[in-house]
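Reading through the structure tokens given below for one structure.
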Protein chains: 2
Amino acid sequence: MNIGEAAALGGVSAKMIRHYETIGLLTPAKRTTSGYRVYSDKDVHILRFIKHGRTLGFPIELIKDLVGLWQNQRRTSKRVKELAQNHLRDVEERLRELQAIKQALQDLVNHCHGDDRPDCPILERLATNPDNESDAAGKTGDSKRRHATIRSGRPRK
Amino acid sequence: MNIGEAAALGGVSAKMIRHYETIGLLTPAKRTTSGYRVYSDKDVHILRFIKHGRTLGFPIELIKDLVGLWQNQRRTSKRVKELAQNHLRDVEERLRELQAIKQALQDLVNHCHGDDRPDCPILERLATNPDNESDAAGKTGDSKRRHATIRSGRPRK
DNA sequence: CTTGACCTTCCCATCGTGGGAAGCCCTAGA
DNA sequence: TCTAGGGCTTCCCACGATGGGAAGGTCAAG
């Protein structure tokens, strides 16, 4: 089948399939003489695996590892569990951070009248509070987050 | 003062100050004859405001609005509260999504022995589950998330 | 006057995804 | 058989917020 069909069956976009190929998450697909990529049911299976991993928030690099383990009969479930647990810890940390933010925002919102006058505790606090210079997300201690941005979520469905 | 000092006092990097200027979050700073940017205490105040907003996860575009309202004496606190509430809802949605992911991951991890054998429920589920094709994060219904990625967090401190 | 710390601009990388252009390929219908 | 339109190819750009680093100008202390 062509890339479009594989994409539809795998639940990912054709664009992403090509991308996964270039970054080495997928091995380069066979091509027809005219250059079209050709996929099998097995490939679709892998795509679904990847999709599922993404849905659970695994970064591509981890998914690469997971796929490797999946296809390696000599793997140990210990190794797989480790990867999942590491990711889980990551998720939990982000949860803590977001929860701290949510709390702070709720406090702000609760203190604002929200009327037609200009007085606004929200702005006042944003302006004054040099804030707990420490960490809005609580004591993460070390927290050498390699590449974190605020906007986030999940892949669109 | 120069950009370095302003950055230190404002709690942001010099790099970011320049960036904020190019994207219009900050009005272009005055320059010395040699081209160095010059900042005042007022500018530092604004930087702290921005920093605080970022710490609370406000995206730059929203901070732009907040700064505008902050410096507009004819603002209404209602408007400010609206912005904060919108952001809060965003945060809450991401929290829900992350919590769903966390739950799913915990389930996976709990079912894996984590021993030296290759049998692994984690891999099996990732492989089979075409999964709740719907939405790992629960019924968001519409959910036209404009630009959401999985990896996330807060700005490093 | 030299040295080193600071400043300038410019480009690249991250992470995962989408958009779109330019151009080739393939097939169904006239 | 020709043609239209949809699918495919590659390539580049964008997002958001931030950091890294190069190449080069500036400034103040020694």
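The values are calculated or read from the model by the stated rules, or taken from the named source; none is laboratory data. What you see is a predicted model, and the numbers here were worked out from it, not measured in a lab. All Cβ positions, even for glycine, are placed from backbone atoms using ideal geometry, and neighbour counts span all protein chains on display.
Figures for the structure shown
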quantity: Single condition B:Glu82 does not satisfy, out of (1) over 24 Å from A:His113 (Cα atoms); (2) away from DNA strand D (no atom under 15 Å from the Cβ); calculated: (1)
quantity: Positions within the stretch A:70-97 being touching a helix residue (DSSP H, G or I) at 6+ places or on another chain (Cβ under 8 Å), at the interface with another protein chain (Cβ under 7 Å from one of its Cβ atoms) and without any contact (Cβ under 8 Å) to a residue 12 or more places away in the chain, in sequence order; calculated: A:Arg75, A:Ser77, A:Lys81, A:Ala84, A:Gln85, A:Leu88, A:Glu92, A:Leu95
quantity: Test for B:Arg54: is it away from DNA strand C (no atom under 15 Å from the Cβ), touching a Gly at 6+ places or on another chain (Cβ under 6 Å), closer than 14 Å to A:Leu126 by Cβ and not in a loop (DSSP other than H, G, I, E, B); calculated: no
quantity: The stretch B:1-21 - residue that is within 9 Å of DNA strand D (Cβ to nearest atom) and among the aliphatic types (A, V, I, L, M) and, of those, farthest from the other protein chains (Cβ to nearest Cβ); calculated: B:Ala14
quantity: Number of positions in the stretch A:56-79 that are within 16 Å of DNA strand D (Cβ to nearest atom) and buried (at least 21 other Cβ atoms within 10 Å of the Cβ); calculated: 1
quantity: Considering residues of the stretch A:27-55 that are within 14 Å of chain B (Cβ to nearest Cβ) and free of Cβ contacts under 8 Å to residues at least 12 places away in the same chain only, the residue nearest to DNA strand D (Cβ to nearest atom); calculated: A:Asp41
quantity: For A:Gln103: the one exception among (1) over 30 Å from B:Asp115 (Cβ atoms); (2) in contact with an Asp or Glu (Cβ under 7 Å, 6 or more places away or on another chain); calculated: (2)
quantity: Scope the stretch B:110-125; condition farther than 12 Å from A:Arg74 by Cα and either more than 7 Å from chain A (Cβ to nearest Cβ) or assigned to a loop (DSSP other than H, G, I, E, B) (or both); matching residues; calculated: B:Asn110, B:His111, B:Cys112, B:His113, B:Gly114, B:Asp115, B:Pro121, B:Glu124, B:Arg125
quantity: Residue match in the stretch A:95-109 (condition: part of a loop (DSSP other than H, G, I, E, B) and within 15 Å of DNA strand D (Cβ to nearest atom)); calculated: no
quantity: Meets criteria (in a loop (DSSP other than H, G, I, E, B), in contact (Cβ under 8 Å) with a residue 12 or more places away in the chain, within 16 Å of DNA strand D (Cβ to nearest atom) and within 7 Å of another protein chain (Cβ to nearest Cβ)) for B:Gly24; calculated: no
quantity: So A:Lys64, is it more than 9 Å from chain B (Cβ to nearest Cβ), in a helix (DSSP H, G or I) and not acidic (Asp, Glu); calculated: yes
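Here is a yes/no grid of residues against (1) away from DNA strand C (no atom under 14 Å from the Cβ); (2) surrounded by fewer than 20 Cβ atoms within 10 Å (Cβ to Cβ); (3) at pLDDT 95 or above:
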{"site": "B:Ala8", "(1), (2), (3)": "no, yes, yes"}
{"site": "B:Val44", "(1), (2), (3)": "no, yes, yes"}
{"site": "B:Ile50", "(1), (2), (3)": "yes, no, yes"}
{"site": "B:His111", "(1), (2), (3)": "yes, yes, no"}
